[in-house]
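Working notes for the structure below.
The values are calculated or read from the model by the stated rules, or taken from the named source; none is laboratory data. Fair warning: this is a prediction, and the values are worked out from it, not measured in the lab. As a convention, Cβ positions derive from the backbone with ideal geometry for all residues, glycine included, and neighbour counts pool all protein chains shown. In case anyone asks, the SASA skips ligands and DNA or RNA and just uses the protein heavy atoms, side chains included. Shrake-Rupley method; radii C 1.70, N 1.55, O 1.52, S 1.80 Å.
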Amino acid sequence: MTDVLKTLGIESNNLGGFCGEWIGSGDKLESASPIDGATIANVTQITVEEYDRIAARAHEAYRTWRTTPAPHRGELVRQLGNALREKKAALGALVTMEMGKIRPEGEGEVQEMIDICDFAVGLSRQLYGLTMHSERPGHRMYEQWHPLGSIGVISAFNFPVAVWAWNSALANVCGDATIWKPSSSTPLTAIACTKIAEQVCKDVGADPALFSLVIGKGSSVGEALINDRRIPLISATGSCRMGYRVGEVVGKRLGRAILELGGNNAIIVTPEADIDMAVRAIVFGAVGTAGQRCTSTRRVIIHESIRGELTDKLLAAYKQVPIGNPLEPSTLMGPLINQGAVDDMMNAIAKLKEAGGEVLYGGERLSGDAYPGGCYVTPCIANAKNEYQIVQDETLAPILYLIPYATLDEAIELHNGVPQGLSSAVFTKNLLEAEKFLTAAGSDCGIANVNIGTSGAEIGGAFGGEKETGGGRESGSDAWKAYMRRQTNTINYSTELPLAQGIKFGD
């Protein structure tokens, strides 16, 4: 651990604010590892007054950066990607130590950052507008995209670094600055990333305040961020409850919001599925990251004819999942983020039983020398009904609900019958079933897959969901447009002044 922290510039006590310089004079925040409960390091959070200072500096950096040619902005992001490559092992290890996901997933998250930097570099030469034919003679009409401003980025603990990169890499090549408020559960990974970005900015001669950081209480610093009219866009990842607050406040000031909120993701398994492949996808989706991904598989909707076979195979697989220290190569499931998350899981299982559900396996706290810190559990499989309130709610834990169906129409209705709409999948070798799942009458989610699971989205596609998931889109495709403002331009190169729609005004 000492070598990792030294490599990333993390000290025993760290300042939680950055705007070209490191500041912080607020309350102390302790970052404890869910692996064993031990303190990794401390952070001095910022005050509301210090937030205002950081926001002002970020806006100043934006005003210079917006006139920098986009390909030059892409060069900064290219260098950021290279710096992340050099620190991949150390940063991935810190993600594991602070968040608890296994080492391959920690390094995989850093790889997402590298990938989105590569994507953004190419994007820096492709911020295309359109040219339209004008109805007026002697006129040319086109649209272009301009930088938007300082972008607020609120990230969650489960992807403590990737979500920042999705937003900041795109925002940066679009000409924006970012102000990052990370989860209070994972502040050290945010400090490490900001230090990397700081050095890259210094190396290329850019203002380091382009990548500003605010670690502070949500009730004060978070509220200041979402209420700040200098911030035209807030990109927020987290719970639906948080999203309602962000959407309300930002909408009231007519700002923009990218909301990436809860998921209640299901996989439909039809009689024509490759059962063994479905099992592998379900186990990774439900157990990976200890069920704490927004795209984790929560529900499996199984055709009645294969219910017994699939259930038996899942139970056999779950009983073989190695649980323990996520730094160990043999571990497939590490701890939950904290004791509160364990309590939430136990409460959810209790509510499931009260509703009439049946636990088939797992759902137990693990204790003893092999499981220090109190955050380890066994993943749970349960028979349930879709209408149970606890099934309708998202529990960020490894609980998998098995729900039977008779017809594909019924399966799709069950699938869509939850408030959230993030990720979805169907396993089938039947082309008709697969295509129906992808139609307007099929999955109502922002992500719909065939013969792959609900987790593990690539950065090339726009990421996000519908309904209570918030409707936002980040990462690939044309998600870059959210970080810019569109402008329509008309140039009159004639000596006349014709009006649109053939209007005559005076002689």
Between 0 and 90°, nearest 10: helix 339-355 axis offset from the chain longest Cα axis: 60 degrees
The chain - mean residue ellipticity at 222 nm from DSSP helices (-39,500 (n - 2.57) per run, n ≥ 4, rounded to 500): -11500 deg cm²/dmol
Cα gyration tensor shape for segment 1-49, rounded if a/c is under 1.5, else prolate or oblate: oblate
Alpha-carbon centroid distance for the pair segment 431-507 / segment 13-37, whole angstrom: 38 Å
Selection from G357, A411, A55, by position along the positive dipole direction of the chain (Cβ): A55
Additional length obtainable on full extension of the chain from K385 to N42, 0.36 nm per residue less Cα span: 119.1 nm
Cα-centred dipole magnitude for segment 16-70, charges only on beta-carbon of K, R (+1) and D, E (-1), debye, nearest 20: 340 debye
Area of R485 that stays accessible when all protein chains are in place (1.4 Å probe, Å², to 10): 100 Å²
Low-density loop positions, GluC sites (Glu not before Pro), segment 108-201 - DSSP coil, at most 16 other Cβ in 10 Å: E135
Restricting segment 438-493 to GluC sites (Glu not before Pro) in coil, as DSSP defines it, with at most 12 other Cβ within 10 Å: E458
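Subtracting the Cα-Cα distance from 0.36 nm times the residue separation, let me have the gained length for V359 to W22 in nm, one decimal.
116.3 nm
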Between segment 246-308 and segment 377-426, the Cα center-to-center distance that results, in Å: 8 Å
In Å², nearest 10: area of I23 left accessible to a 1.4 Å probe: 10 Å²
The chain, accessible surface, carbon-and-sulfur percent (1.4 angstrom probe): 50 percent
Helix 48-65 vs. the chain, principal-axis angle (Cα, 0 to 90°, nearest 10): 60 degrees
Ranked order, T131, T189, T68 - accessible area, probe 1.4 Å, largest first: T131, T68, T189
Charge dipole (debye, nearest 20) of the chain; +1 at Cβ of Lys and Arg, -1 at Cβ of Asp and Glu: 1180 debye
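Normalising by the residue count of the chain, find the relative contact order in percent from Cα pairs under 8 Å and 6+ residues apart.
Values: 1160 pairs, mean separation 88.7, N = 507.
Relative contact order of the chain: 17 percent.
Would you rank S455, S477, S494 by solvent-accessible area, highest first, keeping every protein chain in place and using a 1.4 Å probe?
Order by accessible area, largest first: S477, S494, S455.
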Top positive-direction residue, dipole computed over the chain with Cβ charges, set P329, I10, G288: I10
Within segment 404-507: Cβ-based charge dipole about Cα centre, in debye rounded to nearest 20 (Lys, Arg +1; Asp, Glu -1): 360 debye
Principal-axis tilt of helix 275-287 within the chain, Cα atoms, nearest 10 degrees: 70 degrees
Gyration tensor (alpha-carbon) shape descriptor, segment 247-392, a/c threshold 1.5: oblate
